[in-house]
Every structure is written in C-alpha cells, then in structure tokens.
Amino acid sequence: MDKNLLSLDLRTVEGIRYLSAHFYPRRYMERWKEIGSLSLEMASQVLGYSLQQYKEEIEHFSFFESYFPDSLKEVELPDSYISFFDKLMEDFRSGELQRVITRFHLVTEGILADLGLTILNDSSRRLGLKEFNDGIKRIIADEARHFKFGLSLISDKSYAVKRVEEIFPEAMRIVMDGKEELSYLGYEEEKLRDMMEKLRKARVNQLLT
C-alpha cells in the first residue's frame with residue numbers, strides 16, 4: 001500500500017476502494033466460484049482460448065487483495081453488479097462461446113473494466129499513488145490483450161452487436177448505481193454517461209469494421 005493513501009481525504013479513499021472492489025468483489029467470490037472452473041473448461045475446449053488470461057485475472061485479484069488486505073470484503077456492491085455477474089455465470093454454464101465472449105470480453109472487459117481502469121489510473125496518478133498506479137497500468141495492458149483476443153473469436157458480428165446493445169444498459173446501471181462513490185474521484189454523472197456511450201460506440205464500431 002502507498003504510504004500516502006491514508007493521508008488522503010476519506011471519501012477519496014472510499015471511492016478508490018469501492019471501484020477496486022468491482023475488480024475483486026471479495027465479498028461475493030463464493031457466489032461466483034463456479035466461473036473459475038467453467039472458464040478453465042472452456043479454455044481446454046476452445047482452440048486458442050487463453051489459459052494465460054485466466055492466470056492474469058487471478059494476478060489482478062491478488063494485486064487488489066494485497067493493496068487492500070481484508071478491507072475489500074467489507075465493500076457492498078449494487079444489486080445491478082450482482083445480477084450482471086449472475087448472468088455471466090449462466091453464460092458460462094451454457095457453454096456457448098459467443099454468449100461468453102459478448103458479455104465477458106466485449107462488455108465486462110471492453111466497457112466496464114475500461115471505464116473503471118481509466119478512472120483508477122487517472123485518480124492514482126493524480127494523487128501520487130505510485131504503487132497502485134503501477135499495478136493499474138499492468139492490468140490495463142492485460143485487459144487490452146484480453147479484449148482483443150475475445151474480439152478475434154467473434155464468429156457472428158451481427159449477433160455480437162445485438163448482444164452488446166442488449167447488455168449495455170445493464171452495464172450503465174452498474175455505473176449509475178455507483179455514481180456517488182465515483183463522484184468522490186471527480187467523475188460526475190454526466191461525465192460517466194458520456195464515457196460509457198463513447199465506449200459502447202467504439203466497441204460496436206470495432207465489430208462492424
């Protein structure tokens with residue numbers, strides 16, 4: 001943990017911790033533990049499906065856990081987040097690769113994680129949290145690769161676009177349900193909506209080109 005973290009305004013720390021819990025929802029990990037085994041099963045069945053990605057996701061959990069030892073389990077996430085990941089688990093259970101890719105790679109990583117990491121990167125850099133910022137930059141690089149890999153596995157672009165448009169309101173709801181905590185980091189509702197819309201359009205354009 002950066003030594004200067006605890007000298008920051010309490011609301012700022014709360015905002016960072018709240019957003020970090022979206023990347024390592026420790027309080028709810030038991031609920032979604034099946035995703036790990038299902039992800040490994042899919043990796044063994046799909047040519048090129050990356051075991052490295054699974055390993056890196058575990059490393060991301062470890063980073064947030066080591067930076068906020070024990071405290072992330074106290075963070076309560078909104079019902080919209082829980083519902084979103086319940087649906088992701090159902091997608092994995094279906095065994096349908098395109099369902100998994102569209103919710104996980106395109107929306108979870110390509111939109112939600114992109115937004116969250118942008119905010120954490122900007123905030124930690126601005127606040128001088130060097131250790132945290134270094135970790136976030138590594139995660140950004142990993143997530144960019146994960147997204148591109150998922151994009152390469154899309155077999156039906158029209159289906160993927162439809163799914164992104166269907167799932168996007170769920171993602172927006174998660175962000176809006178946390179708008180108070182995100183405002184502690186200088187991100188108000190209008191800015192968040194604008195960033196989300198730009199990410200949605202970017203992902204759809206990538207599918208259409």
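Descriptive notes on the structure:
- Free of any trypsin sites (Lys or Arg not before Pro) that DSSP assigns to a loop and that have at most 15 other C-beta atoms within 10 Å, the longest stretch within the chain is 34-209.
- 24 Å Cα-Cα threshold exceeded, pairs from LYS55/LYS201; LYS33/LYS191; LYS3/LYS137; LYS157/LYS191; LYS55/LYS148; LYS73/LYS191: LYS55/LYS201; LYS33/LYS191; LYS157/LYS191; LYS73/LYS191
- Of LEU115, HIS105, MET42, farthest towards positive along the dipole that unit charges on Lys, Arg, Asp, Glu beta carbons give the range 1-134: LEU115
- Between GLU131 and GLU188, the contour length at 0.36 nm per residue exceeds the Cα-Cα span by 17.9 nm.
- Label zone at GLU197, where the point sits 7 Å out along the Cα-to-Cβ direction: the range 108-139 residues whose backbone N lies under 18 Å: 111-112, 115
- All Cα-Cα distances of the range 1-88, cut into 5 Å bins from zero to the largest, leave 3, 12, 20, 21, 18, 12, 8, 4, 2, 1 percent in each bin in turn.
- Exposed-loop-free span, longest in the chain, where GluC sites (Glu not before Pro) count as exposed if DSSP calls them loop and at most 13 other C-beta atoms lie within 10 Å: 97-187
- Between GLU76 and GLU165, the simple spin-label model (points 7 angstrom out along Cα→Cβ) gives 3.7 nm.
- Think of the chain as a dipole: +1 on every Lys or Arg Cβ, -1 on every Asp or Glu Cβ, centred on the Cα centre; then among LEU185, GLY15, GLY150, GLY150 lies furthest on the positive end.
- Working note: 222 nm ellipticity from helices only, DSSP H runs with n ≥ 4, each -39,500 (n - 2.57), summed and divided by the residues of the chain, gives -22500 deg cm²/dmol to the nearest 500.
- Think of each Lys and Arg Cβ as +1 and each Asp and Glu Cβ as -1; about the Cα centre, that makes the dipole of the chain roughly 540 debye.
- Start at zero, step by 10 Å, and the Cα-Cα distances of the chain spread as 8, 35, 38, 16, 2, 0 percent across the bins.
- For the options MET42, MET176, MET29, a Gaussian network treatment of the chain with springs between C-alpha atoms closer than 10 Å singles out MET29 as fluctuating the most.
- Neighbour counts of other Cβ atoms within 10 Å put HIS105, HIS146 in the fewest-to-most order HIS146, HIS105.
No value in this document is a laboratory result; all are computed from the given coordinates. Note that the coordinates shown come from a computational prediction; the quantities given were computed from them, not determined experimentally. For neighbour counting, all protein chains shown are included, and Cβ atoms are generated from backbone atoms with ideal geometry for every residue, glycine included.
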